[in-house]
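Undergrad: Take this structure, written in structure tokens, and hold onto it; I'll ask about it next.
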Amino acid sequence: MSISTQAKQSATPAKAMLAAVSGYAMDGFDLLILGFMLPAISASLILSPSQAGSLVTWTLIGAVLGGIIFGHLSDRLGRIRVLTFTILMFSLFTGLCALAQGYWDLLIYRTLAGVGLGGEFGIGMALIAEAWPAHKRNRASAWVGIGWQLGVLLAAFITPFLLNIIGWRGMFLVGLLPALLSFMIRRGMGEPEAFTRQQKTTPELSFRARLKLLFKDAQTSKASLGILILCSVQNFGYYGLMIWMPSYLSANFGFSLTKSGLWTAVTVVGMTFGIWLFGVLADRFARWKIFLIYQFGAVIMVVIYAQLRDPMVMLFTGALMGMFVNGMIGGYGALISDTYPVQARATAQNVLFNLGRGVGGFGPLVIGLLASQWSFVAAITLLALIYLLDIIATLFLLPRRQGNEDALGAIG
């Protein structure tokens, strides 16, 4: 039996989806429990607010490094093989976080765990693009994005109950469970046929050669810049809101940890619906137009949300805001997959998305600084301005073509 046949049998659309969704769910679960645990970690290890925020920032910086490294290795060695290694790396350093004795060793463990996380999104999206037909690529990529929300939702439900029982160290050990589940799902899976076929027919490329494919001509360079802007705005807004919102609700409205978890859960439900809807609409209509609708919606909803003072209104309006602010994640995987060839697809996914994630890692830091200098309301209102960058990038930089069946990444 040939390698191509084995891959075709094992990397079915359903198995590929399960592998990609489980990994991205682990990613979301880990980052949100960190957000919930920051007050407890700060009290235990005597951390300043800036030190606490830097744990998130450096996790995301680690993800940038991991994305760049593992994206290249995935294009060279295979999607499933490298995804499995990233899970093992994440598990090791997340477990070590439970043993941290101070700020610096915890910072190192979080950064290295972030390196492991960095490969999940991009390699998973490349896997989906090669296992699913092009005309369903947007909705399939959106389902992977929903995986993150499932992980966040799980964290929002269980962290308020478990944190007071097992403490933050125990919660880091709980964070290992999604990683182990994802590892078991991927065991024995083969590579998608498109990848094994490409390995046979194209010469091996160096990392530098793969990066050059992201800037091979003026049109591709313009597309790469546009995608980088979208990914940066996406992550900056998401992390800025989701990391600080529980603390803001607690300090200003007296929300308990349980009620903050409820706010997060309702917001995530809105985000999940927004991601699903984006995928459905983008497979039926022009994807760039759907991006514009969501971007204008994000500007409007963030400004409205910043003015609210009624906790119950904030609870449910958060779901609508979440729909627009995070719903766009449903389009990035398909957008990048349609833009770049198979031999550089995971590299493009991980380099562009994780560089955006690195920029987004400063979201919690910037929001925290603005909130301390002025107010959280002012910080959130200013956050709305970044979505104007998205609109400009979509209108003038993004490629319009989608559903690229042969994965040659033509732009036009």
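The values are calculated or read from the model by the stated rules, or taken from the named source; none is laboratory data. Computed from a predicted structure; not experimentally measured. As a convention, Cβ positions derive from the backbone with ideal geometry for all residues, glycine included, and neighbour counts pool all protein chains shown. Note: accessible area is taken over every heavy atom of the protein model, side chains too, but ligands, DNA and RNA are not part of it. Shrake-Rupley method; radii C 1.70, N 1.55, O 1.52, S 1.80 Å.
Undergrad: If you check every pair at least six apart or on different chains, which have Cβ atoms under 9 Å apart with a residue in region 113-128 that is farther than 28 Å from residue 100 by Cβ first and a residue that is outside any helix (DSSP H, G or I) and among the small types (Gly, Ala, Ser) second?
TA: 127/11
Undergrad: Continuing with this model, one more query. Need pairs with beta-carbon distance below 7 Å; first residue assigned to a helix (DSSP H, G or I) and within region 81-99, second surrounded by 21 or more Cβ atoms within 10 Å (Cβ to Cβ) and among the acidic types (Asp, Glu); sequence gap 6+ or separate chains.
TA: Sorted first by the residue in region 81-99, then by its partner, the pairs are 86/120; 94/30.
Undergrad: Additional query: Of everything in region 283-292 that's out of contact with any Leu (no Cβ under 8 Å at 6 or more places or on another chain) and assigned to a helix (DSSP H, G or I), which residue is surrounded by the fewest Cβ atoms within 10 Å (Cβ to Cβ)?
TA: 284
Undergrad: Still on this structure, please answer the following. Within region 12-57, can you find the residues that are more than 20 Å from residue 171 (Cα to Cα) and either assigned to a helix (DSSP H, G or I) or free of Cβ contacts under 8 Å to residues at least 60 places away in the same chain (or both)?
TA: Across region 12-57, the qualifying residues are 13, 14, 15, 16, 17, 18, 19, 20, 21, 48, 49, 50.
Undergrad: Something else: Exactly one of (1) crowded, with 21+ Cβ neighbours inside 10 Å; (2) over 20 Å from the mean Cα position of the chain (by Cα); (3) part of a helix (DSSP H, G or I) is unmet by residue 275. Its number?
TA: (2)
Undergrad: Look at residue 366 and say whether it is open to solvent by 10 Å² or more (accessible area, probe 1.4 Å) and under 15 Å from residue 67 (Cβ atoms).
TA: No; evaluated as a whole, the condition is false for this residue.
Undergrad: Find the residue count for region 118-137, including only residues that are at pLDDT 85 or above, under 16 Å from the mean Cα position of the chain (by Cα) and not small (Gly, Ala, Ser).
TA: 4
Undergrad: Quick check on this structure: which one of 248, 294, 305 is within 22 Å of residue 226 (Cβ to Cβ) and among the hydroxyl-bearing types (Ser, Thr, Tyr)?
TA: That would be 294, the only listed residue that is within 22 Å of residue 226 (Cβ to Cβ) and among the hydroxyl-bearing types (Ser, Thr, Tyr).
Undergrad: From 338, 390, grab the single residue that is of a type in the set (D, E, K, R), part of a helix (DSSP H, G or I) and in contact with a Leu (Cβ under 9 Å, 6 or more places away or on another chain).
TA: 390
Undergrad: Now a separate question. Would you pick out the residues in region 180-235 that are aliphatic (A, V, I, L, M) and touching an Asp or Glu at 6+ places or on another chain (Cβ under 8 Å)?
TA: Hits for region 180-235 are 194, 205, 229, 230, 233.
Undergrad: Can residue 110 be described as among the charged types (D, E, K, R) and either without any contact (Cβ under 8 Å) to a residue 40 or more places away in the chain or open to solvent by 30 Å² or more (accessible area, probe 1.4 Å) (or both)?
TA: Against the criterion (among the charged types (D, E, K, R) and either without any contact (Cβ under 8 Å) to a residue 40 or more places away in the chain or open to solvent by 30 Å² or more (accessible area, probe 1.4 Å) (or both)), residue 110 does not qualify.
Undergrad: Same structure, new question: Output the number of the condition that residue 162 fails; it satisfies all remaining conditions of (1) crowded, with 19+ Cβ neighbours inside 10 Å; (2) assigned to a helix (DSSP H, G or I); (3) not aromatic (Phe, Trp, Tyr).
TA: Against the list (1) crowded, with 19+ Cβ neighbours inside 10 Å; (2) assigned to a helix (DSSP H, G or I); (3) not aromatic (Phe, Trp, Tyr), residue 162 comes up short only on (1).
Undergrad: With polar (S, T, N, Q), at pLDDT 80 or above and touching a His at 6+ places or on another chain (Cβ under 7 Å) as the only criterion, which of 347, 339, 381 stands out?
TA: Among 347, 339, 381, only 347 is polar (S, T, N, Q), at pLDDT 80 or above and touching a His at 6+ places or on another chain (Cβ under 7 Å).
Undergrad: Let me ask something else about it. When residue 31 is evaluated against the numbered criteria (1) farther than 17 Å from residue 191 by Cβ; (2) in contact with a Lys or Arg (Cβ under 7 Å, 6 or more places away or on another chain); (3) modelled with pLDDT under 80, which criterion, by number, is the only one it fails?
TA: (2)
Undergrad: A further question follows. Right, residue 179: over 30 Å from residue 402 (Cβ atoms), surrounded by 24 or more Cβ atoms within 10 Å (Cβ to Cβ) and modelled with pLDDT of 85 or more or not?
TA: no
Undergrad: Can you say whether residue 260 is more than 27 Å from residue 66 (Cβ to Cβ), in contact (Cβ under 8 Å) with a residue 12 or more places away in the chain, buried (at least 22 other Cβ atoms within 10 Å of the Cβ) and not hydrophobic (A, V, I, L, M, F, W, C), as far as the supplied structure shows?
TA: yes
Undergrad: Also, I was wondering about something else. Being closer than 18 Å to residue 234 by Cα and in contact with a helix residue (DSSP H, G or I) (Cβ under 9 Å, 6 or more places away or on another chain): is that true of residue 315 here?
TA: no
Undergrad: Give the residues of region 301-317 that are under 14 Å from residue 383 (Cβ atoms) and without any contact (Cβ under 8 Å) to a residue 60 or more places away in the chain, sorted by residue number.
TA: Answer for region 301-317, where residues must be under 14 Å from residue 383 (Cβ atoms) and without any contact (Cβ under 8 Å) to a residue 60 or more places away in the chain: 301, 304.
Undergrad: Out of everything in region 197-225 that is in a helix (DSSP H, G or I) and among the aliphatic types (A, V, I, L, M), what residue ends up being surrounded by the most Cβ atoms within 10 Å (Cβ to Cβ)?
TA: This residue is 223.
Undergrad: Another one. Residue 100 passes all but one of (1) under 28 Å from residue 264 (Cα atoms); (2) more than 18 Å from the chain's Cα centre (by Cα); (3) open to solvent by 30 Å² or more (accessible area, probe 1.4 Å); which number fails?
TA: (3)
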